[in-house]
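Colleague: First, the structure itself, so that you have it in front of you.
Throughout, read-outs are computed from the coordinates displayed, never taken from laboratory work. All values reported here derive from a predicted model rather than from experimental measurement. Using ideal geometry, Cβ is built from the backbone for each residue, glycine included, and neighbour counts are taken over all protein chains shown.
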Amino acid sequence: LLEDIMRKMQLVTKNHSVELLQNDDGMMYGDLVTVRQMFRIFLDNSTKYTPQGGRITVKSERVENEDGLFMQVALADNGIGIDKKDQQKVFERFYRVDTSRTKAQGVSGTGLGLSIASWIAQQHDIEIRLESELGKGTTIYLQIPLVS
Ligand code: ATP
């Protein structure tokens, strides 16, 4: 799924370098259409909020811990980043960070993408963690339960 999404992204994203580092793979139960949509929301945001020439990297790695077997997927960009004070709020419906940086990217939106993505994640027991630094970039970590 990730390979397919990234291949299609590479075709349309001419101004960014896009790389998939797939260390492992595995099988999950889920709804293909909505899980694909979830990945697209995160990756479209990376494209929108990363200036031309930026880098978008997706890494997948199998991890096993006391809670079970998971695929950890890290979707990283080196774009404008999100201020600490906004990092939880961006998952709320209609919330958009309103700064000159965001405006400089010239992107408009509804502020719904991340709330839809987090709803899809919740339906699939996927945990989302966001790490971001203003001016440096954003990484979304997804912990996806695998079928053992
Ligand atoms: P739409 O859902 O219509 O595309 P949106 O992109 O504004 O609109 P969300 O996807 O919910 O909506 O994102 C909310 C806000 O979080 C964005 O407006 C942006 O300020 C910030 N944001 C999301 N992803 C990133 C990212 N990768 N880098 C920097 N800021 C981001």
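Colleague: For residue 119 and residue 40 in the same chain, what is the full-extension length gain: residue separation times 0.36 nm, less their Cα-Cα distance, in nm?
Modeller: 27.0 nm
Colleague: Can I ask one more? Whats the longest run of the chain with zero GluC sites (Glu not before Pro) that are DSSP loop and have at most 14 other Cβ atoms within 10 Å?
Modeller: That gives 1-65 as the longest site-free run.
Colleague: Given a cut-off of 26 Å, name the pairs among 8/59; 14/89; 14/85; 59/84; 8/89 whose C-alpha atoms lie farther apart than that in the structure shown.
Modeller: In this structure, 14/89; 14/85; 8/89 lie more than 26 Å apart at Cα.
Colleague: Right, here's the next one. Where does helix 32-48 land angle-wise versus the long Cα axis of the chain, in degrees 0 to 90, nearest 10?
Modeller: Roughly 30 degrees between the two axes.
Colleague: Here is a follow-up. Kirkwood Rh over alpha-carbon pairs of the chain, then Stokes-Einstein at 20 °C and 1.002 mPa s: what D in µm² s⁻¹, rounded to an integer?
Modeller: 136
Colleague: Let me ask something additional. Just to be sure I understand: of the beta bridges DSSP finds with both ends in the chain, what percent are antiparallel, rounded to 5?
Modeller: Percentage antiparallel, nearest 5: 80.
Colleague: Shifting gears a bit: What's the longest bit of the chain with no exposed chymotrypsin sites (Phe, Trp or Tyr not before Pro), using DSSP loop states and at most 11 other Cβ atoms within 10 Å as the test?
Modeller: That gives 30-93 as the longest site-free run.
Colleague: Moving to a separate point now. Just want to confirm a number: the relative contact order over segment 1-72, from Cα pairs under 8 angstrom separated by 6+ residues, in percent.
Modeller: Relative contact order of segment 1-72: 40 percent.
Colleague: Report relative contact order for the chain in percent, whole number only (criteria: Cα-Cα under 8 Å, sequence separation at least 6).
Modeller: 28
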